[in-house]
1. Quick check on my filter: what residues within the stretch 322-365 are part of a strand (DSSP E or B) and among the β-branched types (Val, Ile, Thr)?
2. Has the stretch 234-249 got at least one residue that is under 12 Å from Glu197 (Cβ atoms) and acidic (Asp, Glu)?
3. Go through the stretch 73-89 and count every residue that is within 15 Å of Pro231 (Cβ to Cβ) and not in a loop (DSSP other than H, G, I, E, B).
4. Across the stretch 375-418, which residue is nearest to Ala330 (Cα to Cα) among those that are of a type in the set (Val, Ile, Thr) and in contact with a strand residue (DSSP E or B) (Cβ under 7 Å, 6 or more places away or on another chain)?
5. Does Lys193 satisfy the criteria of being over 30 Å from Ala412 (Cα atoms), more than 26 Å from the chain's Cα centre (by Cα) and open to solvent by 60 Å² or more (accessible area, probe 1.4 Å)?
6. Could you look through the stretch 68-84, keep only residues that are modelled with pLDDT under 85 and farther than 16 Å from Arg154 by Cβ, and pick out the one that is most open to solvent (accessible area, probe 1.4 Å)?
7. Any idea which residue in the stretch 85-98 is farthest from Phe232 (Cα to Cα), counting only those that are open to solvent by less than 50 Å² (accessible area, probe 1.4 Å) and touching a residue at least 40 places away in the same chain (Cβ under 8 Å)?
8. Pick out, from the stretch 366-444, the strands (runs of 3 or more DSSP E) lying fully within it that include 2 or more residues that are at pLDDT below 85 and under 30 Å from Thr320 (Cβ atoms).
Amino acid sequence: MVRKTAAALTAIAGAIAMAGATAQTVQDTQTPSNGLNIPDGVTVFGTNPDIRKPTAVVNDTVITGTDVDQRVQLILGLRDLKVSEEEKAQLRLQVLRAIIDETLQIQEAAVNEITITKAEIDQGFNRVASNFQRTPEQLKTYLDEVGASERTLRRQIEGELAWRRLLSRQVTPFINVGEEEVQAVLARLEAAKGTDEYHLKEIYISATPDRAAEVTAAMQKMLEQLRGGAPFEYLASTYSEASTKAVGGDLDWVRLPMLPAPLQQAAQEMNVGQIAGPIEVPGGYSMLYLVDKRQVLTADPRDARLSLRQISLGFPDGTTQEQASARAAAFAKATQAIRGCGEVTKAAAELNAEVVDNDSIRIRELPPQLQEIVLKLQIGQATPPFGSAADGIRSLVLCGRDEATGGGLPSAQQIQSGLEEQRVNLRAQRMLRDLRRDAVVEYR
């Protein structure tokens, strides 16, 4: 896992202007070796230019404040997020950088005579609408309602398609993975069989001793936001200083020896779906989210497919907490008395409840709180009631279980495809870095 120190993350922008404000000496932690030959003590001549501006011109393409605002509202609206003005200002800067990258990608595709047609963008737009369980017309209306626009989503789709096609033309054909590499990966997997792997996401913020209290307080505030429904990926991409911020803090699947000792201990003690932090690590503090856990090349019980019957009971508007508690107690007594799925319909009728069947759901697709409960259920047993006064209460009755199979080595073709994808992504990052370096960007 790549770390960046606080000093390395501090940008020294602009050339030294000999005429200007009074010279100011900056004392910081020792500057790491980075090939720039920057001394530990720096004297800055002139004023530091304010580059945190809302709009820009990228190689003659104008990015307006409206472009940025609508993209911000697109992110907040589709995720149904509520953020403070301070957080929105930080998000606007993130969005501006993303739109600059998107603009560079579209421009480079155009230079290589790659054009994305309206029909292709329409198809992408319709797919997004389907993902959010809306028709295209409903999605257009919703975007207008939240202050975004159809145009900003179509622009994002165009950028993604153009960049993907450019990579498929200029990068993918030249990626080669040898048989020896594939066999080496297979051998490592075989040697690691049975060891635990953790799918983790991380937020890392650097902190010197004098900033420790400030950083831990900020992370406590993030925990409150997460409890309020903010996605971990949003906070990671906005605040994290780790190299994984570009992918929402996703560390992917890792084994414990790959992590710093404090994170190893935290990961071992976490349950799936749990968030831990702030955790002190070398150079700062981290927050971890355990997405999933598995054993290498071992069948996971949570991949078992279940046949379930859900019995649910809603509460009428105006139901008091006392009334809800009483109905929940009666519901719990009735569902725990169920002996087999054949009794569900009768119990639902007595409770005036609804029944929904699902004959093929994996345990890992359930909320983390329910996974551990369902793993221990026997056929015909019901879970304890769960839900809320607003959404009503529910219970799941287990009708059948098809145990997880598999756990074997992936095929050589799967390994090869994975390695090729990694290398394409690495080349893509390098291409984007070069485009940024060569671009003419004027902030306004």
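The values are calculated or read from the model by the stated rules, or taken from the named source; none is laboratory data. Not measured: the values here are computed from a predicted model. Ideal geometry is used to build each Cβ from the backbone, glycine not excepted, and the neighbour counts take in all protein chains shown. All accessible areas refer to the heavy atoms of the entire protein, side chains included, with ligands and DNA or RNA removed. Shrake-Rupley method; radii C 1.70, N 1.55, O 1.52, S 1.80 Å.
1. Val355, Val356, Ile361
2. Filtering the stretch 234-249 down to residues under 12 Å from Glu197 (Cβ atoms) leaves none.
Looking through the stretch 234-249, none of the residues is under 12 Å from Glu197 (Cβ atoms) and acidic (Asp, Glu).
3. Adding up the residues that qualify gives 7.
4. Ile393
5. Values: over 30 Å from Ala412 (Cα atoms): no; more than 26 Å from the chain's Cα centre (by Cα): yes; open to solvent by 60 Å² or more (accessible area, probe 1.4 Å): yes.
So Lys193 does not fit the description; no.
6. Going through the qualifying residues, I end up with Lys82.
7. Among those that are open to solvent by less than 50 Å² (accessible area, probe 1.4 Å) and touching a residue at least 40 places away in the same chain (Cβ under 8 Å), it is Leu96.
8. 386-388
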